[in-house]
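Participant: Please find one structure pasted underneath; my questions will follow.
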Amino acid sequence: TQLLEQSPQFLSIQEGENLTVYCNSSSVFSSLQWYRQEPGEGPVLLVTVVTGGEVKKLKRLTFQFGDARKDSSLHITAAQPGDTGLYLCAGGRFSGGYNKLIFGAGTRLAVHP
Amino acid sequence: EAQVTQNPRYLITVTGKKLTVTCSQNMNHEYMSWYRQDPGLGLRQIYYSMNVEVTDKGDVPEGYKVSRKEKRNFPLILESPSPNQTSLYFCASSLSLPGQGNEQFFGPGTRLTVL
């Protein structure tokens, strides 16, 4: 069982549609990061949120950290083919003596022209 | 250009043949980490290092070794690879602990197949 559950696992949409992907847990996280990974490359950080209820915007992407810091969402407005990729959330949690980063399994997004 | 490099990018080997995957970063980062990525399981941490000569186990360390003799390099060693170590491997570095919100920079990945 993943500590961080991402949904949906797969999403296939047409260009111009809006979408939301979710990252949920029963645990509290000190920080929450979203990464995007394209085929043949490593993940690239999109945003970090640290405060419960925090909302950050990056052009057409809106990220929200839940009030209780257990969940997060990523909303994309008017999706474009360039948004295609694997979206990973990762939460910071104190475990084993240090603050480690735990990843979800990801949401694979395909945006068709 | 600030980057994390890994070599090789692709490797096919046989069970039991020792191999090393190199990782190097040019950002003077203290923290480095190795992950493996498998379908449906996301990224799982193998080993991490908080500084030179300081390494520790992550969540899935069995069958792997690491060393941190220099700040910039963090090689991953598989002494006797087995088929269940077939995976996509990523090296990453950050200024400090990524769990505290620090940005982690990832290498391009090494796709390993063990026959």
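Since every read-out is calculated from the coordinates, none of them should be taken as a lab result. It should be emphasised that the depicted structure is a prediction, and the values quoted were computed from it without experimental measurement. Here the Cβ is made from the backbone with ideal geometry for all residues, glycine too, and neighbour counts use every protein chain on show.
Participant: Determine the dipole magnitude for the protein assembly as shown: charges of +1 sit on the beta-carbon of Lys and Arg, -1 on that of Asp and Glu, nothing else is charged, the reference point is the Cα centre, and the result goes in debye to the nearest 20.
Facilitator: Value, rounded to 20: 380 debye.
Participant: Can you list the aspartates and glutamates whose alpha carbon sits under 16 Å from that of A:K57, skipping same-chain ones fewer than 8 residues off?
Facilitator: Straight-line reach from A:K57, under 16 Å: A:D83.
Participant: Going toward the positive end of the dipole of chain A, with +1 on Lys and Arg Cβ and -1 on Asp and Glu Cβ, which of A:T20, A:L61, A:N99 do you reach last?
Facilitator: Working it through, the farthest residue towards the positive pole turns out to be A:N99.
Participant: Moving on. With respect to the cross-link table entries B:K17/B:K65; A:K59/A:K100; A:K56/B:K57; A:K70/B:K65; A:K70/B:K57, which display a Cα-Cα separation exceeding 24 Å? The partial results should precede the final answer.
Facilitator: Numbers: B:K17/B:K65 14 Å; A:K59/A:K100 29 Å; A:K56/B:K57 33 Å; A:K70/B:K65 33 Å; A:K70/B:K57 26 Å.
Pairs exceeding 24 Å: A:K59/A:K100; A:K56/B:K57; A:K70/B:K65; A:K70/B:K57.
Participant: Among B:S49, A:S30, which comes first, second and so on when ranked by fewest other beta-carbon atoms within 10 Å? Intermediate results must be reported in sequence, preceding the final value.
Facilitator: Details: B:S49 20, A:S30 14.
Listing B:S49, A:S30 from fewest to most nearby Cβ atoms yields A:S30, B:S49.
Participant: Still on this structure, please answer the following. If each residue's Cβ is checked for other Cβ atoms within 10 Å, how do A:H75, B:H29, A:H112 rank with the fewest at the top?
Facilitator: On the way: A:H75 16, B:H29 21, A:H112 11.
Fewest to most other Cβ atoms nearby, the residues stand as A:H112, A:H75, B:H29.
Participant: Still on this structure, I have one more. Between A:F94 and A:V28, what is 0.36 nm times their sequence separation minus the Cα-Cα distance? Round to one decimal in nm.
Facilitator: Details: separation 66, 0.36 × 66 = 23.76 nm, distance 0.98 nm.
22.8 nm is the gain from fully extending A:F94 to A:V28.
Participant: Okay, next question. Determine which residues of the stretch A:38-82 fall in the zone a paramagnetic label at A:H112 would reach in this model, i.e. backbone nitrogen under 17 Å from the point 7 Å along Cα→Cβ.
Facilitator: A:79-82
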